[in-house]
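The values are calculated or read from the model by the stated rules, or taken from the named source; none is laboratory data. Predicted model only: the values in this text are computed from it and were never measured. Counting neighbours? That spans all protein chains shown, and the Cβs are built from the backbone with ideal geometry, glycine included. These area figures cover heavy atoms from the full protein model, side chains too; ligands, DNA and RNA do not enter into them. Shrake-Rupley method; radii C 1.70, N 1.55, O 1.52, S 1.80 Å.
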Amino acid sequence: MKIAIVCYPTFGGSGVVATELGLALAEKGHEVHFITYKQPVRLELLSKNIHFHEVSVPVYPLFHYQPYELALSSKLVDMVKLHKIELLHVHYAIPHAYAGYMAKKMMAEENIFIPMVTTLHGTDITLVGNHPFYKPAVTFSINNSDVVTSVSKSLKEDTLHLFNIKKEIHVVPNFIDIPKKINPYTDCQRDMMAEKHERIITHVSNLRPVKRVKDVIEIFDRIQKKIPSKLIIVGEGPEREASEKLCRKKGIEEKVLFLGNSNEVDKILCFSDLFILPSEKESFGLAALEAMASGVPVISSNSGGLPEVNIEGVSGYLSDLGNVEEMAENALKILASDETLETFKKQAVEAAMVYDTKKIVPLYESLYKEALNKSVDAT
Ligand code: GMT
């Protein structure tokens, strides 16, 4: 099948899922065309079945805001025609589903009928998309997609609750290539980060308020009072400065490392003992799944789709939003003895297996077939 994938090329979860999906589809023999404004961060190697087409928006001084959707929809039309693409898979409703719909309409004028699959990732629904400025356009784009998927049951419920949706929403969760994650390193150079007797605790996110980085520090502060440990914070974002300040205020700045954005998350997870994700909202929590797949147990909030991923008492523990006391107690339970930590590490990998690439990618493939059949019926 010839598939166009439209996504954000940045470090965000939706872009990562879209990229990993494209790579997995290409490996299975599909021809995949990424169409976005920059080469996606995880798309390091272009290969036989992978193509990247950059959308550029020429700056025109008359425009106060440069019209990306317009450039994207035109690029989609051009690429579909040039490469005989059969299906559009747009990740993140805003503005991708909207631009995809316009592209479909332009192509229909030329008797080219191409189905569009829209995947909802979370913030496009629960944060941005729900804003009155965007809501009518998001509702319209979802209802006019041929197939709609959401990354968790929880996000499906939120979408149905917040928008007037007339389309069926299929749940296709985030996924991870488990065999690639298990022991990818012979030596992950743990001593670079901590002493032998110290536990390593990790948080990876875009450090936005929704991630509750201050809760991460509060939890760590309580842990480090009982167990020698280090905290590694990976990612860049608006909460970084305030979080660094909080560490200084608590006098724990020597024990907390802010690493910024990293392409070496696998390596960092390789030497981590615990992952903390106390988010206010999290449609799925790909970061938690990545940690689990690398054998790192998770302490998280029970927001959104996190209970679908992090299994209470198995891969880690979940608490109500903001309950940093309980999160710290649970963390200590896991970290207290080497035996308990080993048990949780093993269980975390087992729980992650449910979301192995091999199990999830075929779900997308069968929805693609459904979308193609629908569009043949409609012509
Ligand atoms: O978590 C973020 O801030 C990034 C965000 C995105 O839009 O890329 O991630 C969302 O999509 C991921 C992939 O489907 C999910 O695993 C994340 O849980 C979801 N984030 C939120 O819902 C806050």
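Annotation: amide H of Gly304 within the under-5 Å range of Glu282, sequence separation 5 or more or interchain, hydrogens built in the peptide plane. For q values of 0.09 Å⁻¹, compute log₁₀ I(q)/I(0) with the Debye formula on a Cα-only model of region 48-155, without solvent. At q = 0.09 Å⁻¹ the computed log10 ratios are -0.25. Can you work out the PRE-style zone for Glu370? Point 7 Å along Cα to Cβ, and I want the residues of region 139-165 with backbone N under 11 Å. Answer for this model: 147-150.
Apply 1/(1 + (r/R0)^6) to the Cβ-Cβ distance of Glu54 and Val354, taking R0 = 25 Å, and write down the FRET efficiency to the nearest 0.05. Before the final figure, lay out the partial values.
Details: r = 36 Å, r/R0 = 1.43.
Efficiency, rounded to the nearest 0.05: 0.10.
The modelled label-to-label distance for the pair Lys180/Glu241, using points 7 Å beyond Cα in the direction of Cβ, is 3.6 nm. For the pair Ala336 and Phe133, what calculated FRET efficiency results from E = 1/(1 + (r/R0)^6), where r is the Cβ-Cβ distance and R0 = 41 Å, to the nearest 0.05? Step by step, r from the Cβ atoms, then E = 0.25.
Please give the FRET efficiency for Asn302 paired with Ala71, using the beta carbon to beta carbon distance and R0 = 51 Å, rounded to the nearest 0.05.
Values: r = 41 Å, r/R0 = 0.80.
That gives a FRET efficiency of 0.80.
Between the amide H of Glu236 and those of Asn261, distances stay under 5 Å, these residues lying 5 or more places away or on another chain, with hydrogens modeled in the peptide plane.
By the Cα gyration tensor, region 178-355 has an equivalent ellipsoid whose semi-axes, rounded to whole angstrom, run 21, 19, 16 from largest to smallest. Label sites at Met192 and Leu162, each approximated as a point 7 angstrom past Cα along Cα to Cβ, lie 3.8 nm apart. Look at where the Cα atoms of region 85-156 and of region 1-69 average out, and the two centres are 16 Å apart.
Accessible surface of the chain, 1.4 Å probe: 53 percent of it comes from carbon and sulfur atoms.
Let me have the relative contact order for region 178-355, percent, based on Cα pairs under 8 Å that are six or more residues apart.
Once divided by the residue count of region 178-355, the mean separation gives 23 percent.
Residue farthest toward the positive end of the dipole of the chain, with Cβ of Lys/Arg at +1 and Asp/Glu at -1: which of Val210, Pro61, Ser74? It is Pro61, whose Cα lies furthest towards the positive end. Ligands, DNA and RNA are left out, and with a 1.4 angstrom probe the accessible area of the chain is 45 Å² per residue.
May I ask you to derive the relative contact order of the chain, considering only C-alpha pairs under 8 Å and at least 6 residues apart, and to give it as an integer percent? Can you show the working numbers first?
On the way: 717 pairs, mean separation 52.2, N = 379.
Relative contact order of the chain: 14 percent.
Measuring with a 1.4 angstrom probe and ignoring ligands and nucleic acids, Asp191 comes out at about 120 Å² accessible. Using the rule -39500 (n - 2.57) for each DSSP H run of four or more residues, divided by the residues of the chain, the 222 nm mean residue ellipticity is -13000 deg cm²/dmol. 3J(HN,Hα) along region 341-353, derived from phi through the Karplus expression 6.51 cos²θ - 1.76 cosθ + 1.60 where θ = phi - 60°, amounts to 4, 4, 4, 5, 4, 5, 5, 5, 5, 4, 5, 6, 3 Hz, with x in place of Gly and Pro. Ranked from largest, the principal axis spans of the Cα set of region 138-271 equal 55, 38, 25 Å. For the chain, the alpha-carbon coordinates run over 68, 44, 36 Å along the three principal axes, in decreasing order. Roughly what percent of Cα-Cα pairs across region 8-91 reach past 18 Å? Summing the P(r) of region 8-91 above 18 Å gives 45 percent of all pairs. For Asp320, the solvent-accessible surface computed with a 1.4 Å probe is close to 100 Å², ligands and nucleic acids excluded.
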